[in-house]
Amino acid sequence: MNVFVVNCGSSSLKYQLIDSVSEQVIAKGLCERIGIDGRLTHKPTGKKEVVKEVAMPDHKVAVSYVLEALTDSENGVIKDLSAIDAVGHRIVHGGEKFANSVVINDEVMAAIEECNDLAPLHNPANLIGISACKALMPNVPMVAVFDTAFHQTMPKEAYLYGIPYDYYEQFKVRKYGFHGTSHSFVSKRLLEIIGKENQDSKVIICHLGNGSSVTAVKNGKSVDTSMGFTPLDGLIMGTRSGSIDPAVVQFLANKLERSLDEVITILNKKSGVEGISGVSSDFRDLDAASMEGNERATTALNMFAYRAAQYVGSYVASMNGVDAIAFTAGIGENNSKMRKAICDYLGYLGITINEEANAVRGEEICISTADSKVAVYVIPTNEELAIARETVALVLLFSDQPNPVNTKGTGF
Ligand code: AMP
């Protein structure tokens, strides 16, 4: 089965075409500046990359260029659109409505729209992506895979905020958590590696990238996570502040004579390690600056490690123990110094790191020593493959129905 995986942003569209049997990427690419001017970067596996500057007034036009590129006689990878068997859409927010992936129908689209309030920048773009694909591939089954779904298993004590209960009931103000596809993918793999898929288990996943979050996974289910109502909460990130005292927002609005919206934008876009260091949001730049003696870059890196270790420690307490920890995403997979700095805080758990294994980059590996009390792994994440797997599972599950309708999902 060939699965077209789509990830729509407000002015962008990332895609991959994946062969679900070999799990190989057949082609991938990106449309940028949709609604502004438009650029398509198409990377067919084994063929030359194609970059096209073409007008993309909306997502439907962008999708049409992608489908044209996929079926192009020279640089294409499939003969025609009949070779696309299913489409998997990444959806940022499923609110409390979606605890699993679902086959998309009108009812599902309406329910996603009801969550627009919770992710005003992302969900509308995701819906536009679905409509664009439906218009061009009306008979191809489509599946929605939610960033929030994996965390719907959190207990109330973890997801409620200490604010009047009415606000939860009326407005659904609560912790949702994000990066769910990645946390689910990596935790499943970690449980497979440590042989605890069907046993009592406690693992912690550190998804450390430009956006970062830590998740506690007990018996295969998310029981707490560091991102909250929005992806601004939790760890210090590339440009996001992570958790701060909420009173700071009003204090800064007054001092800077800015609106609350503007301060939240500062916390999202001008804060984090970039805001602290004044250098960059990219950890490679921070490492280089720190090596050259830039103190603020060093402070930013130290803050990141400290906060990550705090979350790991708090989740060990939440679960009353931990069997294994996994690092994933750009920093988690590639930055051995950061992994070591975080693990250095965790000596009290009996964690010891094998420096040689920790120096290996970007591949699945155990980085703890044989006598470490808790096993520590690097496990590369692959959100697109996770979306493709979910899509195939759902499409196969409902393939005997003429019009696949499922609002409950797979229970994955
Ligand atoms: P992500 O959002 O998962 O793409 O992660 C972005 C972060 O990962 C950046 O801060 C990069 O410094 C870091 N990163 C990504 N790739 C590498 C690499 N090959 N080597 C070192 N750091 C990397």
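Observations on the model:
- Within the stretch 160-181, considering residues that are buried (at least 24 other Cβ atoms within 10 Å of the Cβ) and not β-branched (Val, Ile, Thr), the one farthest from residue 208 (Cα to Cα): 176
- Number of the condition not met by residue 113 [criteria: (1) closer than 16 Å to residue 5 by Cβ; (2) in contact with a Leu (Cβ under 8 Å, 6 or more places away or on another chain); (3) surrounded by fewer than 19 Cβ atoms within 10 Å (Cβ to Cβ)]: (1)
- Pairs are defined by a Cβ separation below 6 Å, a sequence spacing of at least 6 or placement on different chains, a first member in the stretch 357-369 that is touching a residue at least 60 places away in the same chain (Cβ under 8 Å), and a second member that is within 14 Å of the ligand (Cβ to nearest atom); the pairs so defined are 364/379.
- Within this structure, residue 261 fails the test of being surrounded by fewer than 20 Cβ atoms within 10 Å (Cβ to Cβ), among the acidic types (Asp, Glu) and closer than 30 Å to residue 185 by Cβ.
- In the stretch 313-341, the residues that are more than 23 Å from residue 218 (Cα to Cα) reach residues that are within 14 Å of the ligand (Cβ to nearest atom) and β-branched (Val, Ile, Thr) with C-beta atoms within less than 6 angstrom, at least six apart or across chains, in these pairs: 338/331.
- Under the condition of being crowded, with 20+ Cβ neighbours inside 10 Å, among the aliphatic types (A, V, I, L, M) and within 11 Å of the ligand (Cβ to nearest atom), the residues counted in the stretch 272-299 number 2.
- Listed conditions (1) aliphatic (A, V, I, L, M); (2) in contact (Cβ under 8 Å) with a residue 12 or more places away in the chain; (3) out of contact with any Asp or Glu (no Cβ under 8 Å at 6 or more places or on another chain) are all met by residue 191, apart from (3).
- Just so you know, in the stretch 197-211 the residues that are out of contact with any strand residue (DSSP E or B) (no Cβ under 8 Å at 6 or more places or on another chain) and among the polar types (S, T, N, Q) include one that is nearest to residue 318 (Cα to Cα), and it is 199.
- Consider the stretch 340-362 and keep the residues that are farther than 19 Å from residue 281 by Cβ and within 16 Å of the ligand (Cβ to nearest atom). The one that is surrounded by the most Cβ atoms within 10 Å (Cβ to Cβ) is 358.
- Strands (runs of 3 or more DSSP E) completely within the stretch 36-152 that count 2 or more residues being at pLDDT 95 or above and within 18 Å of residue 395 (Cβ to Cβ): 86-91, 142-146
- Residue count, the stretch 153-167 (criterion: in a loop (DSSP other than H, G, I, E, B), more than 20 Å from residue 102 (Cβ to Cβ) and not aromatic (Phe, Trp, Tyr)): 5
- Cβ separations smaller than 6 Å between residues 6+ apart or across chains give the following pairs from the stretch 62-76 residues that are in contact (Cβ under 8 Å) with a residue 12 or more places away in the chain to residues that are of a type in the set (Ser, Thr, Tyr): 66/15.
- Residue count for the stretch 1-35 under the criterion of being out of contact with any helix residue (DSSP H, G or I) (no Cβ under 7 Å at 6 or more places or on another chain), among the aliphatic types (A, V, I, L, M), part of a strand (DSSP E or B) and free of Cβ contacts under 8 Å to residues at least 60 places away in the same chain: the result is 2.
- Residue check, residue 36 out of contact with any Asp or Glu (no Cβ under 7 Å at 6 or more places or on another chain) and surrounded by 16 or more Cβ atoms within 10 Å (Cβ to Cβ): no
- Residues in the stretch 229-272 that are part of a helix (DSSP H, G or I) and on the phi > 0 side of the Ramachandran plot: 272 only.
The values are calculated or read from the model by the stated rules, or taken from the named source; none is laboratory data. Note that the structure is predicted; figures quoted are calculated from it, not measured. A quick note on method: Cβ atoms are made from the backbone with ideal geometry, for glycine too, and the neighbour counts reach across all protein chains shown.
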